[in-house]
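Participant: The structure's right below; bear with me while I get my questions together.
Values quoted throughout were computed directly from the atomic coordinates according to the rules given, and no laboratory measurement underlies them. The model shown is predicted, which means the values in this text are computed figures rather than measured ones. Using ideal geometry, Cβ is built from the backbone for each residue, glycine included, and neighbour counts are taken over all protein chains shown.
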Amino acid sequence: MPSRPLNRKNDFEHDFTREDPWRIFRIMSEFVDGFDALSKVGPAVAIFGSSRAKRGSLYYRQAELTAAALVKAGYAVITGAGPGIMEAANKGAKAAGGESVGLNILIPSEQKPNRHITKLLEFRYFFCRKVMFLKYSKAFVFFPGGYGTLDELSEVVTLIQTRRVRPFPSILYGTPYWKGFLAWLKGTAVPADTITREDLNLFTHADHPEQVVSLIQKFYR
């Protein structure tokens with residue numbers, strides 16, 4: 001059988017860049033770029049929520065107003081850069097004259113950054129993106145959302161619960177949406193001893209944009 005022609009350039013690109021050691025450099029570059037860009041933003045609040053929220057819907061408008069209120073209180077706003085609640089928050093922050101940050105994730109479904117972002121970073125790795133949210137956010141606001149929002153919520157409260165990060169405000173926005181989740185925690189998780197009743201204090205609730213700002217300001221006073 002004839003041997004395959006040696007092409008060092010193609011061999012290097014095909015093999016080495018797909019091996020785990022090469023991924024380390026990609027991961028490092030995402031951390032370096034993120035730290036460099038976000039260290040200049042100043043105090044910020046992360047806002048999460050469904051990418052499926054329709055423009056003009058209740059929570060879309062509430063996210064827009066919340067972001068604007070946060071900007072007026074001296075905060076930048078950080079989102080996942082996508083549509084829905086993320087778009088609304090970026091829109092509100094930008095319209096209020098504040099820094100509107102988007103941390104976009106590169107996924108097969110091709111999430112396109114919304115047009116209301118003043119500072120955009122793109123990530124291949126979810127965990128690098130999560131570190132940026134945690135490192136540069138003074139508070140987290142969770143609007144109604146799906147698996148992604150629940151993932152971020154679980155990550156945040158777990159890190160606070162295990163004392164891997166300092167406590168900070170974690171706010172569930174929209175009591176009607178979250179009441180079933182809270183009832184399950186109180187009625188099932190606590191009696192099953194999978195969490196303690198004190199763990200329910202790791203987050204709080206809000207139903208108005210001004211209430212979000214007040215909770216954050218009260219915490220840091």
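Participant: Top mean-square fluctuation among 52, 115, 197, Gaussian network model of the chain, C-alpha springs under 10 Å?
Facilitator: It is 197.
Participant: Quick one: Cα centre-to-centre distance for segment 42-73 and segment 183-214, in angstrom?
Facilitator: Comparing the Cα centres of segment 42-73 and segment 183-214, I get a distance of 21 Å.
Participant: Taking the chain as a Gaussian network, Cα atoms linked when under 10 Å apart, which of 114, 104, 201 shows the biggest mean-square fluctuation?
Facilitator: Evaluated over the chain, the most mobile residue of the options is 201.
Participant: Let me ask something additional. Roughly how compact is segment 106-221, stated as its Cα Rg over 2.2 N^0.38 Å to two decimals?
Facilitator: 1.16
Participant: Just need log10 I(q)/I(0) for the chain at q = 0.08, 0.13, 0.17, 0.18 Å⁻¹, Debye formula, equal scatterers on the alpha-carbon atoms, no solvent, rounded to two decimals.
Facilitator: -0.33, -0.75, -1.19, -1.31
Participant: Among the listed pairs 91/138; 130/186; 91/112; 72/119; 40/72; 119/218, which are separated by more than 22 Å between their Cα atoms?
Facilitator: Distance filter (> 22 Å) returns 130/186; 119/218.
Participant: Based on the mean of other Cβ atoms within 10 Å per residue, sort peptides 54-63, 67-76 so the most packed one is first.
Facilitator: Values: 54-63: 17.7, 67-76: 20.9.
Result, highest mean first: 67-76, 54-63.
Participant: Using Cα springs under 10 Å in a Gaussian network model of the chain, which residue among 190, 77, 157 shows the largest mean-square fluctuation?
Facilitator: 190
Participant: Okay, next question. Summing -39500 (n - 2.57) over the DSSP H runs of n ≥ 4 in the chain and dividing by its residue number, what mean residue ellipticity at 222 nm do you reach, to the nearest 500 deg cm²/dmol?
Facilitator: Rounded to the nearest 500, the figure is -14500 deg cm²/dmol.
Participant: Any chance you could give the angle, 0 to 90 degrees and rounded to 10, that helix 126-136 forms with the longest Cα principal axis of the chain?
Facilitator: 50
Participant: Could you please report the charge total around residue 85, scoring K, R as +1 and D, E as -1 over all other residues with beta-carbon less than 10 angstrom from its beta-carbon?
Facilitator: On the way: positive: 52; negative: 64, 87.
Once all neighbours under 10 Å are counted, the net charge is -1.
Participant: Another question, then. Taking the Cα centre of segment 8-220 as origin, work out the dipole magnitude from +1 charges on Lys and Arg Cβ and -1 charges on Asp and Glu Cβ, in debye rounded to 20.
Facilitator: On the way: 28 positive and 21 negative charges, 97 e Å.
Charge dipole, segment 8-220, about its Cα centre: 460 debye, nearest 20.
Participant: Relative to the present Cα-Cα distance, how much length would full extension add between residue 154 and residue 24 at 0.36 nm per residue of separation? Mind showing how you got there, number by number?
Facilitator: Numbers: separation 130, 0.36 × 130 = 46.80 nm, distance 2.63 nm.
This chain segment gains 44.2 nm when fully extended.
Participant: Right, something else. Can you tell which of 154, 42, 183 lies farthest toward the positive end of the dipole of segment 8-220, using +1 and -1 charges on the Cβ of basic and acidic side chains (Lys, Arg; Asp, Glu)?
Facilitator: 42
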